[in-house]
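The values are calculated or read from the model by the stated rules, or taken from the named source; none is laboratory data. What you see is a predicted model, and the numbers here were worked out from it, not measured in a lab. Using ideal geometry, Cβ is built from the backbone for each residue, glycine included, and neighbour counts are taken over all protein chains shown.
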């Protein structure tokens, strides 16, 4: 995580922050959003990346991905974020 934050800083990105959060936990998502808001101001963009190793059924692999997306969506709405982009990237190996 520190490496990624350093790389972002080296690119002169002023207000970009990387967080490793259990997005399946709605309280963790809200806490991360609150922390970012306190430190950097309004959140305008959310980019979520996820990779899964396919063990079991597709339902077992996809269910947490859908839950995570829903938690991000719900938290951003509940906090009244005025987003410019909401990007979800996912892969299954």
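With respect to residue 67, is the statement that it is modelled with pLDDT of 85 or more, out of contact with any helix residue (DSSP H, G or I) (no Cβ under 8 Å at 6 or more places or on another chain) and exposed (fewer than 13 other Cβ atoms within 10 Å of the Cβ) true? Before you say what the answer is, go through the steps one by one.
Details: modelled with pLDDT of 85 or more: yes; out of contact with any helix residue (DSSP H, G or I) (no Cβ under 8 Å at 6 or more places or on another chain): yes; exposed (fewer than 13 other Cβ atoms within 10 Å of the Cβ): no.
No; evaluated as a whole, the condition is false for this residue.
Of all residues in the stretch 45-57, count the ones that are exposed (fewer than 10 other Cβ atoms within 10 Å of the Cβ) and either touching a helix residue (DSSP H, G or I) at 6+ places or on another chain (Cβ under 7 Å) or not in a strand (DSSP E or B) (or both). Here the count works out to 4. All conditions in (1) touching a strand residue (DSSP E or B) at 6+ places or on another chain (Cβ under 7 Å); (2) surrounded by fewer than 13 Cβ atoms within 10 Å (Cβ to Cβ) hold for residue 78, with the sole exception of (1).
Contact map, the stretch 10-25: residues that are surrounded by 12 or more Cβ atoms within 10 Å (Cβ to Cβ) paired with residues that are at pLDDT 70 or above and assigned to a loop (DSSP other than H, G, I, E, B), Cβ distance under 8 Å, separation 6+ or inter-chain. Pairs shown: 15/41.
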